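Okay, so here's the structure we're looking at.
The values are calculated or read from the model by the stated rules, or taken from the named source; none is laboratory data. Bear in mind that the values here come from a model prediction, so they are computed numbers and not experimental data. For neighbour counting, all protein chains shown are included, and Cβ atoms are generated from backbone atoms with ideal geometry for every residue, glycine included. Ligands, DNA and RNA are excluded from the accessible area calculation, which covers all protein heavy atoms including side chains. Shrake-Rupley method; radii C 1.70, N 1.55, O 1.52, S 1.80 Å.
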Amino acid sequence: MLPSFDMLLFGGTGDLVTRKLLPALYRRHVAGQLTDESRIFGIARSGLERADYQSQAEHACREFLGAEFDADHWRAFATRLDYVRVDADRPQDYGAIAALLAGREAVIRVFFFSTASNLFATISGNLARAGVVTPLSRVVLEKPLGTDVASADLINHAVGSIFAESQIYRIDHYLGKEAVQNLMALRFGNALFEPLWRRGLIKHVQITVAEELGVERRGHFYDDTGALRDMVQNHLLQLLCIMAMEPPASSDPDAVRDEKLKVLRALRPLRDRDVLVKTVRGQYKAGVVGGQPVAGYLDEADIAPESTTETFVALKAEIDTWRWAGVPFYLRTGKRLQSRTTELVVTFDEVPHPIFERPPAPEGANLLVIRLQPEESITLTILAKNPGEGMRLKPVSLALDLGETFKTRSLDAYERLLMDTVKGNLTLFMRRDELDAAWRWIDPIIAGWRQFDERPKSYLAGSWGPAASSALIGRDGFEWHDEI
Ligand code: BG6
């Protein structure tokens with residue numbers, strides 16, 4: 001059972017709250033983890049009645065949860081759920097929040113900001129003025145936090161003048177995924193991989209987060225943001241950190257975050273012409289995804305007609321440390337790609353002196369593929385002897401399907417992270433210095449694209465991105481895993 005809490009969801013009518021946060025809280029309710037006293041408030045500008053909000057939320061949860069939705073459980077859950085009309089900019093609106101929270105100072109308060117990050121400072125200030133920030137309060141900041149180092153710094157400073165760093169939960173939902181935790185388990189729960197996890201034994205690492213989805217209902221946001229800020233600055237860099245970090249001394253939040261920070265700080269900056277050579281921007285054209293024709297990016301709702309926002313990024317990152325010098329990390333993400341796949345691929349070196357006949361496709365071997373989505377699996381491909389005469393080798397796989405092995409539904413990332421905020425566990429949240437280091441590496445890439453007027457290259461929806469992405473990795477003599 002979690003301690004009792006009041007959770008205030010700003011941006012309460014938005015996509016994230018209705019499609020992710022409320023279903024996550026509903027699931028924890030069904031699991032019996034919420035005390036009777038715990039309450040949830042959707043907060044937004046629209047003039048909705050409580051019943052309207054509940055029915056909007058019900059609709060979204062039914063759709064999201066499918067067969068898991070249960071009308072009786074929902075009725076009980078809905079008694080916790082209320083709506084407050086607040087215009088983030090209007091200090092006088094916050095009186096309604098103060099009234100709801102009066103007398104509940106001993107209960108944990110979670111303020112979840114699921115709005116554009118340029119409102120975070122205003123909301124924090126208005127909450128403080130309304131006198132509702134207590135020592136037991138926590139604030140959750142949704143990504144992307146800011147649009148560059150400078151704007152992130154201003155927001156962090158403003159929020160930090162009201163909440164202590166130990167009260168600030170900068171969320172990156174990838175860190176809450178079961179599969180990402182499993183990656184930590186694989187690396188730091190087994191001694192086996194550690195001696196192999198370095199230059200000289202690993203040739204290169206690939207991190208792919210591919211989506212079939214387009215921009216959905218988030219055209220405005222996405223067109224202002226683009227794939228580099230939406231995905232690389234946070235999710236992909238966090239995956240890179242977990243792959244590349246040194247073993248932390250303990251699982252304490254700061255022990256883990258210190259090690260991740262060292263990776264971010266050791267990333268070699270991409271500057272000037274490097275940006276043209278080591279990054280690829282793409283934008284999708286109409287095509288076919290999952291057998292269905294889909295529109296091109298420029299024809300999606302709320303996208304500027306001549307938009308040059310990227311929906312795809314591939315890049316080569318290098319980490320200047322003893323462990324990783326000379327080992328490229330190729331990162332790739334995009335919308336409307338061929339299939340939804342999140343995977344990390346580690347390619348190990350071949351034997352230094354082959355004594356057997358070379359297999360016809362040696363590049364398919366010596367691979368560790370850690371698949372995070374849609375299914376969770378770990379596959380090690382090694383060379384084995386082909387049965388029969390002679391010593392002919394062939395790649396075969398040792399495959400572990402984690403879903404099959406454990407046969408239980410794993411927690412959704414937001415279920416875990418919302419519980420962690422209530423429990424006060426910061427391990428899976430980004431510290432201010434981590435965020436700062438991530439932006440410091442991203443900013444020069446954006447500056448380089450601007451300096452050289454680097455427009456996105458087109459790719460067909462349903463493909464694996466622009467041809468330049470294959471060329472980027474091909475120049476170093478490698479291929480993307482799906483192209484092997
Ligand atoms: C979000 C991005 O952070 O992550 C979205 O803003 C993206 O654009 C989403 O679709 C992907 O998350 P997941 O959990 O579906 O891989």
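Things worth noting here:
- Of all residues in segment 388-434, those satisfying the criterion of being part of a helix (DSSP H, G or I) and of a type in the set (Gly, Ala, Ser) are GLY403, ALA413.
- The set of residues from segment 445-455 being in contact with a helix residue (DSSP H, G or I) (Cβ under 9 Å, 6 or more places away or on another chain), open to solvent by 20 Å² or more (accessible area, probe 1.4 Å) and not aliphatic (A, V, I, L, M) comprises GLN451, PHE452, GLU454, ARG455.
- Residue among THR421, THR427 that is hydroxyl-bearing (Ser, Thr, Tyr), surrounded by fewer than 17 Cβ atoms within 10 Å (Cβ to Cβ) and either out of contact with any strand residue (DSSP E or B) (no Cβ under 8 Å at 6 or more places or on another chain) or modelled with pLDDT of 95 or more (or both): THR427
- Residue that is least open to solvent (accessible area, probe 1.4 Å) [pool: residues in segment 178-230 that are within 21 Å of TRP322 (Cβ to Cβ) and among the aromatic types (Phe, Trp, Tyr)]: TRP197
- In segment 142-151, the residues that are hydrophobic (A, V, I, L, M, F, W, C), more than 16 Å from the ligand (Cβ to nearest atom) and either buried (at least 22 other Cβ atoms within 10 Å of the Cβ) or touching a residue at least 24 places away in the same chain (Cβ under 8 Å) (or both): VAL149
- Residue that is nearest to PHE111 (Cα to Cα), among those in segment 146-174 that are in contact with a helix residue (DSSP H, G or I) (Cβ under 6 Å, 6 or more places away or on another chain) and assigned to a helix (DSSP H, G or I): VAL159
- Candidates ASP87, ASP6, ASP15 - the one that is within 29 Å of the chain's Cα centre (by Cα), in contact (Cβ under 8 Å) with a residue 60 or more places away in the chain and open to solvent by 30 Å² or more (accessible area, probe 1.4 Å): ASP15
- LEU34 meets each of the listed conditions (1) outside any helix (DSSP H, G or I); (2) touching a Pro at 6+ places or on another chain (Cβ under 8 Å) apart from (2).
- Boolean, GLU310 is in a loop (DSSP other than H, G, I, E, B), out of contact with any Asp or Glu (no Cβ under 6 Å at 6 or more places or on another chain), within 15 Å of PRO466 (Cβ to Cβ) and not aliphatic (A, V, I, L, M): yes
- Filter pass, HIS59 being open to solvent by 70 Å² or more (accessible area, probe 1.4 Å) and over 28 Å from the mean Cα position of the chain (by Cα): no
- Residue within segment 203-212 that is in contact with a helix residue (DSSP H, G or I) (Cβ under 9 Å, 6 or more places away or on another chain) and at pLDDT below 95 present: no
- Residue selected from segment 18-43 under the condition open to solvent by 10 Å² or more (accessible area, probe 1.4 Å) and small (Gly, Ala, Ser), by the criterion nearest to LEU2 (Cα to Cα): GLY32
- Condition met for VAL288 (within 25 Å of TRP480 (Cα to Cα), open to solvent by 50 Å² or more (accessible area, probe 1.4 Å), at pLDDT 95 or above and out of contact with any helix residue (DSSP H, G or I) (no Cβ under 7 Å at 6 or more places or on another chain)): yes
- Scanning segment 165-180 for residues that are within 16 Å of the ligand (Cβ to nearest atom) and of a type outside the set (A, V, I, L, M) gives TYR169, ARG170, ASP172, HIS173, TYR174, GLY176, LYS177, GLU178.
- Of all residues in segment 156-173, those satisfying the criterion of being buried (at least 23 other Cβ atoms within 10 Å of the Cβ) and β-branched (Val, Ile, Thr) are VAL159, ILE171.
- Hits in segment 181-216 - residues which are within 16 Å of the ligand (Cβ to nearest atom) and under 15 Å from LEU368 (Cα atoms): ASN182, LEU183, ILE207, THR208
- Residues that are of a type in the set (Asp, Glu) and open to solvent by 20 Å² or more (accessible area, probe 1.4 Å), drawn from segment 430-444: ASP433, ASP436, ASP443
- Residue list for segment 90-129, restricted to those being open to solvent by less than 30 Å² (accessible area, probe 1.4 Å), in a loop (DSSP other than H, G, I, E, B) and either away from the ligand (no atom under 16 Å from the Cβ) or closer than 18 Å to ALA164 by Cβ (or both): VAL107
- Residue in segment 457-474 that is in contact with a strand residue (DSSP E or B) (Cβ under 9 Å, 6 or more places away or on another chain) and either of a type in the set (Asp, Glu) or modelled with pLDDT under 95 (or both) present: no
- Residue identified as more than 30 Å from GLY11 (Cβ to Cβ) and touching a strand residue (DSSP E or B) at 6+ places or on another chain (Cβ under 7 Å) among HIS235, HIS204: HIS204
- Every pair of residues 6+ apart whose Cβ atoms lie under 6 Å, when the first sits in segment 437-462 and is closer than 16 Å to GLY334 by Cβ and basic (Lys, Arg) while the second is part of a strand (DSSP E or B) and open to solvent by less than 20 Å² (accessible area, probe 1.4 Å): LYS457/GLY282
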